[in-house]
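The block underneath contains the structure these notes are about, expressed in structure tokens.
The values are calculated or read from the model by the stated rules, or taken from the named source; none is laboratory data. Small disclaimer: the values here were computed from a predicted structure and weren't measured. Ideal geometry is used to build each Cβ from the backbone, glycine not excepted, and the neighbour counts take in all protein chains shown.
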Amino acid sequence: MPTSAARMSVATPDDHILTVQEALEPLFLALEEEAELKMIAAAVRAGWSVEDAVAAIDELRRTELLPGSPAH
């Protein structure tokens, strides 16, 4: 089942968008926000605090951005 963010349309080059990155940014941000909310909700349902969930997500992001981190 597609998520609400997945249903967003992406701007075309005719919409005065200069790069595909610029066109995808709103969708990327919406999907990132939706994923974070789902992860926090899952952690809270499992008995973790919102603060613990947010800290864990932040640590996952830092780990992903570190040089030498394995690519997925």
Only unsatisfied item for residue 51, checking (1) surrounded by fewer than 11 Cβ atoms within 10 Å (Cβ to Cβ); (2) under 16 Å from the mean Cα position of the chain (by Cα); (3) modelled with pLDDT of 95 or more, is (2)
With criteria (1) of a type in the set (Val, Ile, Thr); (2) surrounded by 12 or more Cβ atoms within 10 Å (Cβ to Cβ); (3) over 15 Å from the mean Cα position of the chain (by Cα); (4) modelled with pLDDT of 80 or more, residue 19 comes up short on (2)
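Looking only at the range 23-71, how many residues end up being acidic (Asp, Glu), closer than 20 Å to residue 7 by Cβ and out of contact with any Ser or Thr (no Cβ under 6 Å at 6 or more places or on another chain)? Can you show your working first?
Of the range 23-71, the ones acidic (Asp, Glu) are 25, 32-34, 36, 51-52, 58-59, 64.
So of that shortlist, the ones also closer than 20 Å to residue 7 by Cβ come out as 25, 32-34, 36.
Subsequent filtering for residues that are out of contact with any Ser or Thr (no Cβ under 6 Å at 6 or more places or on another chain) retains 25, 32-33, 36.
Count: 4.
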All conditions in (1) in a helix (DSSP H, G or I); (2) under 17 Å from the mean Cα position of the chain (by Cα); (3) modelled with pLDDT under 85 are true of residue 24 except (3)
Those residues of the range 27-47 which are closer than 18 Å to residue 60 by Cα and within 9 Å of the chain's Cα centre (by Cα) amount to 28, 29, 31, 32, 33, 34, 35, 36
